[in-house]
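Have a look at the structure below before the remarks.
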There are 2 protein chains.
Amino acid sequence: AKPRVGYTFKSEGVESAMRRVLNQYRVKDIQSLPVIMKESCSIYDAIVTLFIEDTGSIFVVDENKYLSGIVSRKDFLKTTIGQADIHKVPVSVIMTRMPNIVTAALDETVVAAIKKIVEHEVDSLPVVKSRIEDEEEKLEVVGKISKTNIARLFLDLAANKTKEV
Amino acid sequence: AKPRVGYTFKSEGVESAMRRVLNQYRVKDIQSLPVIMKESCSIYDAIVTLFIEDTGSIFVVDENKYLSGIVSRKDFLKTTIGQADIHKVPVSVIMTRMPNIVTAALDETVVAAIKKIVEHEVDSLPVVKSRIEDEEEKLEVVGKISKTNIARLFLDLAANKTKEV
């Protein structure tokens, strides 16, 4: 059974109680919608999308709609100060590719996801469902967890606005 | 007197105890070092610094070393897809200027700082000390608080690695 919050308790320290509450959150509880593009999109179109959606990174999918890459503001900036024609070069040329993408699962704890974000120095992780197809693991993108989601959860906990999970 | 954590308590709910602990952290407890440049630096040099320091934004200071602007990856990206000569144009042309900069104070609560970060949709805030000079308020940059600091604090709290503050 999951721990409940909201009752008065008698024999547990504040620290362990807080640790317990903080560790009960799952990625699915706080994730947001991902911004997704095809590999063939131009870098220019991807940058325009980045501004329109006001997001920090875009997840790239192959022709079967499975995750194949991720591009961040940092990747785009590196490209735009270079010589590439951003109207012609597709995002697939500059994206970070599988298997170098760090991902999260829906049922993973938020704490585990934050650990990945901090250790790999990225702003967000694609939230994925894994399936085996032709003996290969394919990843379907179902969400996104970012530092912003974490900041919002922190605020909710500090204001006690969280729903019980 | 500041609340202490680490004792067993008998009459307080988990929620209010956690709220109390989360609200006791101050900006000075978790801030990091800022990356600072002069207004006259070229956009190109600023971008190079951004990559070398692996940071998301740079704080810009005037000739008296007071805060005058802030430039983010987003500002740089907007510029590099435009026509500007990034080797010649100084950062002061593209930076967000005072009084449009959202700042934090050392003794401000982390919760208040996160609220500003989320509401103004920025990645970090300059931490400043204010002083009056010639009847004008001047801001000295003494630190930086970012979403990464928040993510690290969340991890520390979840692992119970925090020092008492």
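None of A:V102, A:V122, A:V111, A:V60 is hydrophobic (A, V, I, L, M, F, W, C) and assigned to a helix (DSSP H, G or I) except A:V111. For B:G69, the conditions (1) in a helix (DSSP H, G or I); (2) open to solvent by less than 20 Å² (accessible area, probe 1.4 Å) all hold with the exception of (1). Kindly evaluate B:K74 against the criterion of being free of Cβ contacts under 8 Å to residues at least 40 places away in the same chain and within 16 Å of B:T49 (Cα to Cα). Considered against the rule, which asks whether it is free of Cβ contacts under 8 Å to residues at least 40 places away in the same chain and within 16 Å of B:T49 (Cα to Cα), B:K74 comes out as yes.
Among A:I47, A:I52, which is the only one that is in contact with a Phe, Trp or Tyr (Cβ under 7 Å, 6 or more places away or on another chain), under 27 Å from B:V71 (Cα atoms) and either assigned to a loop (DSSP other than H, G, I, E, B) or hydrophobic (A, V, I, L, M, F, W, C) (or both)? Don't jump to the end; show me each part of the working.
On the way: A:I52 fails: in contact with a Phe, Trp or Tyr (Cβ under 7 Å, 6 or more places away or on another chain).
Among A:I47, A:I52, only A:I47 is in contact with a Phe, Trp or Tyr (Cβ under 7 Å, 6 or more places away or on another chain), under 27 Å from B:V71 (Cα atoms) and either assigned to a loop (DSSP other than H, G, I, E, B) or hydrophobic (A, V, I, L, M, F, W, C) (or both).
When every residue of region A:134-154 is checked against the conditions, none turns out to be surrounded by fewer than 15 Cβ atoms within 10 Å (Cβ to Cβ), closer than 23 Å to B:N149 by Cα and facing chain B (nearest Cβ under 10 Å).
Scanning region B:80-102 for residues that are surrounded by fewer than 15 Cβ atoms within 10 Å (Cβ to Cβ), away from chain A (no Cβ under 13 Å) and of a type in the set (S, T, N, Q) gives a single hit, B:N100.
Cβ-Cβ distances below 8 Å connect the following pairs, each with a first residue in region B:103-115 that is open to solvent by 30 Å² or more (accessible area, probe 1.4 Å), a second residue that is among the small types (G, A, S) and not in a loop (DSSP other than H, G, I, E, B), and a separation of six or more residues or different chains: B:A105/B:S130; B:L106/B:G143; B:A112/B:A104.
Could you tell me which residue of region A:124-133 is farthest from the other protein chains (Cβ to nearest Cβ), considering only residues that are at pLDDT 90 or above and farther than 16 Å from B:T148 by Cβ? Spell out the reasoning first.
So in region A:124-133, the residues at pLDDT 90 or above come out as A:124-132.
Among the residues that remain, those that are also farther than 16 Å from B:T148 by Cβ are: A:126-132.
Working: A:P126: 17, A:V127: 16, A:V128: 20, A:K129: 24, A:S130: 25, A:R131: 30, A:I132: 32 Å.
For region A:124-133, the residue satisfying everything is A:I132.
The values are calculated or read from the model by the stated rules, or taken from the named source; none is laboratory data. What you see is a predicted model; the values in this text were computed from it and never measured. Methodologically, a virtual Cβ is constructed for each residue, glycine included, from the backbone with ideal geometry; neighbour enumeration extends over all protein chains shown. Calculation scope for accessible area: heavy atoms of the full protein, side chains included, ligands and nucleic acids excluded. Shrake-Rupley method; radii C 1.70, N 1.55, O 1.52, S 1.80 Å.
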